[in-house]
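A.B. asks: Here's a structure for you.
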Amino acid sequence: MRRREQGATILEVILALAFLAITLVPISNMLLSSYETTTTKGNYDEAFTLAQELLEEIGSKLFEEPPFGSGTFGAEELFRIDFDDIDDYNNYGPNSPPLDISSAALVDFSGYTRSASVVNLIDIGLGSTPRTDFISQINGSTGFKLVTVTVTWDGGTQKETLERIYARTE
């Protein structure tokens, strides 16, 4: 006579549950870690894009104030949409969320803060390549300007900074 099996024993069920618990915890930790890495990478990408966008905008401006020429430094205009030279962006921001050129908030970036600074640089002529022989000058006119754009997020604990030196080409 054959004996028919009626189902799993309680011991088999306990062993199956223990196996699932042992394998699911590492898998779930791996998935969580992957998600956190992807989120962090996405934050850096967005911060880089925000910084790059402002840096490109600044670079599209004249080197110095057109009507006054050399000697003026800082924003002569009240609104960013009217900025017409690079050093108008000195001490721009911090804005949270970042603003577009018309001063409208970029609501998709509400957790980010963006700011910019500009420093006049004087070439002290040591002839190094790449050029590292600059000193800063607070005001007036120089042949170079260092622009720094900083984007922060996570309450300021994370930061992306881009810098570029612009040269007088006139």
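The values are calculated or read from the model by the stated rules, or taken from the named source; none is laboratory data. Model, not experiment: these values are computed from the prediction. Every residue, glycine among them, receives a Cβ derived from its backbone with ideal geometry; neighbour counts consider all protein chains shown.
A.B. asks: Does the range 97-124 hold any residues that are assigned to a strand (DSSP E or B), touching an Asp or Glu at 6+ places or on another chain (Cβ under 9 Å) and surrounded by fewer than 19 Cβ atoms within 10 Å (Cβ to Cβ), and which are they?
C.D. replies: If the condition is that a residue be assigned to a strand (DSSP E or B), touching an Asp or Glu at 6+ places or on another chain (Cβ under 9 Å) and surrounded by fewer than 19 Cβ atoms within 10 Å (Cβ to Cβ), then ASP123 is the only one that fits.
A.B. asks: Of (1) within 30 Å of ASP45 (Cα to Cα); (2) modelled with pLDDT of 80 or more, PRO130 satisfies all except one. Which?
C.D. replies: (2)
A.B. asks: To continue, here is another question. Being in a strand (DSSP E or B) and aliphatic (A, V, I, L, M) is the filter here, so list the residues in the range 134-155 that pass it.
C.D. replies: Let us first name the residues in the range 134-155 that are in a strand (DSSP E or B), namely 134-137, 144-153.
Answer for the range 134-155, where residues must be in a strand (DSSP E or B) and aliphatic (A, V, I, L, M): ILE135, LEU146, VAL147, VAL149, VAL151.
A.B. asks: If you check every pair at least six apart or on different chains, which have Cβ atoms under 6 Å apart with a residue in the range 148-166 that is more than 15 Å from GLY111 (Cβ to Cβ) first and a residue that is among the charged types (D, E, K, R) second?
C.D. replies: Going by the 6 Å Cβ cut-off, the qualifying pairs are THR148/GLU163; TYR166/LYS145.
A.B. asks: Please tell me if GLY93 is in a strand (DSSP E or B) and either at pLDDT below 90 or surrounded by 16 or more Cβ atoms within 10 Å (Cβ to Cβ) (or both).
C.D. replies: Values: in a strand (DSSP E or B): yes; either at pLDDT below 90 or surrounded by 16 or more Cβ atoms within 10 Å (Cβ to Cβ) (or both): yes.
Judged against the criteria, GLY93 is a match.
A.B. asks: With the requirement that a residue be farther than 16 Å from ALA51 by Cα and surrounded by 21 or more Cβ atoms within 10 Å (Cβ to Cβ), what does the range 143-163 give you?
C.D. replies: LYS145
A.B. asks: Scan the range 3-53 residue by residue and report those that are at pLDDT below 70, assigned to a helix (DSSP H, G or I) and of a type in the set (Asp, Glu).
C.D. replies: Of everything in the range 3-53, just one residue is at pLDDT below 70, assigned to a helix (DSSP H, G or I) and of a type in the set (Asp, Glu), namely GLU36.
A.B. asks: Let me ask another. One residue is enough: does the range 140-152 have a residue meeting the conditions touching an Asp or Glu at 6+ places or on another chain (Cβ under 6 Å), closer than 29 Å to TYR44 by Cα and either modelled with pLDDT under 90 or not aliphatic (A, V, I, L, M) (or both)?
C.D. replies: Yes, the range 140-152 contains a residue that is touching an Asp or Glu at 6+ places or on another chain (Cβ under 6 Å), closer than 29 Å to TYR44 by Cα and either modelled with pLDDT under 90 or not aliphatic (A, V, I, L, M) (or both).
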